[in-house]
Every structure is written in C-alpha cells, then in structure tokens.
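The values are calculated or read from the model by the stated rules, or taken from the named source; none is laboratory data. This one's a predicted model, so the numbers in the text were calculated from it and none came from an experiment. FYI the Cβ positions are ideal-geometry reconstructions off the backbone, even for glycines, and counts take in every protein chain you see.
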Amino acid sequence: MDKVEDLAVEMLEMVSLGFMILDDNFTVIWANKYVKETFGDVIGKKCYTIMHKTPSPPDFCPVSSCLMGGGEKAEAECYDQNLNRWFFVKAERHNSYILHFIVDITEKMRLREELKEREEFYRKLTEISAPLFIVQGDILVFVNSALAEFMGYKREELIDRPFAGLVHPEDLPKLMKRYQDRLTGLRSEEETYPIRLRTKFGDKWVILSAKRIKYKGGNAVLGLVQDIDEIFKEKVAFEELQRILRHDIKNALNLAFVNLELIKDGETGRISSLEESLIKIKELVSHSVDIKAKPVDVAEFIERASKGYEIELNIAGNCSVLGDDSLYSVFHNIIDNAVKHGKAKRVWVEIKPKKEFCEIRIANDGAGIPKELRSRIFEGTSFGNGSGMGLRFVKETVERLGGNVWIEGAEDGKVVFVLRLKTIH
C-alpha cells in the first residue's frame, strides 16, 4: 500500500497542474511541486491568502463552498493579480480534508477573449449597412448582407469564391497588382479607387476602399464598396445630350456657311438668316461642354503623365475624383513645365482627401517660378523658355471640373502646385 501511495505522490509531483490538501480550517497541509514553484512556500498557510490574496475566503471560493456551505464539490475561475494569470480551481471534500486542484487557464482565457472580440467584430461587420468584404489569398472569406444584396447573390454563394471573378476584366490587372502590393506592404495600408463589379444585374461602377488587416492570423484585405453607378447613368445621359447639341451645332454651321456664300454672291437678303444661324450656334455652344465623365484615379493619371521624362517621381496617397481625360493633360503640363523650363530631376506628389475635395500638391527640385510672375502664371504669362499657355489650360480645366488650382512658393523661387478636385461620394 505504501508503494501505491508513494507512486501516487510521485505522479502528482510530475503533473503540470496544482494539487493541495487542506484541513477544515483552509490551511495547506500538503502541496505538489507545481504549487510550490508557482506560489512559493505554501505549507501552513491559508489557501485564500495564496490564491485570492484576501484576509478571508471570498464568496466565490470553492473551498469555502465545501467547508462552510456543506457541499461536496465546487469550482471557480479566478485571476491572480500578482502573477497576472488566470486559474481554474476546484475543491472536493474527502472526510475532514479538502482536495484543492489548480489549473492555469491564462491561454484559454486569452483565446476566449479573442474569440469574443472576433465574434463582436464580425457581428458589427454584418450589421454595417455599407457593402463590405474580406479577401484572403484571392478568395472571399467574408461578405456582409449589404454586399450580397448589392451583388444580387446570397452570402453563401459568395463565400469561398475568387474575388477576381466579380471584377470587370479591364479593371482586374490594376486591382490584382494593388491587392498584392498592399499585402506585401508596397502600397499604403488604405486607399480608394474606382472599379467595375460584375453583379447579377450587370456591371456597376463603384468606389472601392481597401485596407490591409489581420484575419485569422494571416494578412487579408478589408474592402468597402460605394455604389456610384447612378452618377454615371446621369453622366451618360448628359453626354448623349452633348452629342445631340454638337450635331445641331454642326448643322447650324453648315447653314451659316451656305448663307455666307450666298451673301458673297450678292444675295443680301440672306444676312438675317446668317445672323439667326450665328445666334443659334452661340446658344448651342453656351450649353455644350465636351466631357466624358468617369472616375479618375489621381495617382494613376500622374504616373501616366510622367512617363517619357527622366525624373524621379514620388507619390504619397491617392484619391478618386470625378473628371475626364483632360486631367491627364493637366498633370502632363505641370510636369512638362517643371522638366523643360525648370530643369527638374525630382518631382514629389502628395495626395490627400479633404472632405468633399481631393488635394494634390506637386513640388519639384527645379528652378521654380520668379516671384513677380506667380500672380499671373495662369494667365499665359511666359517664364523660362516657355509661353505659359499650358498652365492657363491647367487652370481652365480644373475650374471646369469644379475645382481650383493655385501655387504656393518660397523666396528661392521654388513653388508647389496645389490642386483641389471634387471627390466621388
């Protein structure tokens, strides 16, 4: 029997959980190696001073339940402030003794809290009214109800699908490059840009806001979708109106030229007809604006505009604005002036959203613009070896798009071009 008891004691000394024997006065009369290594010298001490650091047993103490409450078994979870650890404690009555078990559950509590936070996070994501999703390894691993409704699918139909299959083929190369760059840290953690999604109802223009996150221990991208398709339907209708107006202008011009030729031939009675044609043309022109509106990725346009120049280009940030292809010429003119007339070798661009506008700041290391010319630089005033007419075009185009442009300068002639363009909401 002694050998069996010795073996039992030896086994209790080896296990990675705490085991104590208490008398009926909460005093520790035996403890295994784990308890001694964790809490120090415990023999002869009250168990509640060891476990709870209190002068008397707390209400939830399982030992107290056995000794004072008349129970046979009790258990509880408690936190040790000194050790910064969580423990599961259990007490069982055996005659006049109490067997006290202690298990370190700190990791379990941490995982439980993480699970709770994760569940709360996903609950909030599901309840958000804006369409959103999480992509990991090119696969949709989470979509909320709003995105499923926007795409025309059930949530379970979208989960585990490749996100690339929902993107318009023309937009896919740009999106996949940005996705991979973002995961590897080559792009900023968060940015927005326009793409087309292939819904059950057809292709739709959206603004995609993408952010790098951690999901189940790995890198992933959280995407928020903003529907701007209605904006483009209105713009398509507007462009159709402009096409009709241009057709009418062409017809009116043809008629004016016919009348002009007849007047040259001596038919002066045609003067009134010519006047009417010219008045009509003036009215048509005043109501006609030649634009093809679309979402413009500012950083992409600037990168395109800088090609062909031997410069070092640095771009920070990005915005999506409502514009047209003339913005390419805007950025091209600014960079062209910096390189050709300022002899710039480096160009810095900072792009930041500012409420309803996107602010674009373009600086360079070139010769700059003389201080006395800055107030007239957008009027076609010449400087360096150029006429300055390109900068007049810059101002007119930006203002036509509902924005504004100005320059900020220093005494040494260096300047920063500042543009504000309307963002897409």
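List of remarks:
- Among the candidates T49, T54, T27, residue that is assigned by TED's automatic domain parsing to the domain that holds Y79, touching a Lys or Arg at 6+ places or on another chain (Cβ under 7 Å), surrounded by fewer than 20 Cβ atoms within 10 Å (Cβ to Cβ) and without any contact (Cβ under 8 Å) to a residue 24 or more places away in the chain: T27
- Residue match in the range 24-39 (condition: within 18 Å of Q81 (Cα to Cα) and part of a loop (DSSP other than H, G, I, E, B)): no
- Scan of the range 392-419 for residues that are modelled with pLDDT under 80 and part of a strand (DSSP E or B), ordered by number: none
- Verdict on K124 being outside the structural domain of V89 (by TED's automatic domain parsing), modelled with pLDDT under 80, assigned to a helix (DSSP H, G or I) and of a type outside the set (V, I, T): yes
- Set L115, L147, L140: member being aliphatic (A, V, I, L, M), assigned to a helix (DSSP H, G or I) and under 17 Å from the mean Cα position of the chain (by Cα): L147
- L313 fulfils the conditions (1) of a type in the set (A, V, I, L, M, F, W, C); (2) assigned to a helix (DSSP H, G or I); (3) modelled with pLDDT of 85 or more; (4) surrounded by fewer than 21 Cβ atoms within 10 Å (Cβ to Cβ) except for a single criterion, (2).
- Test: residue in the range 72-85 that is at pLDDT below 85 and hydroxyl-bearing (S, T, Y): yes
Every residue, every condition in (1) of a type in the set (D, E); (2) in the same structural domain as M20 (by TED's automatic domain parsing); (3) loosely packed, with under 11 Cβ neighbours inside 10 Å, yes or no:
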position: Y79; (1), (2), (3): no, yes, no
position: L147; (1), (2), (3): no, no, no
position: Y153; (1), (2), (3): no, no, no
position: E157; (1), (2), (3): yes, no, no
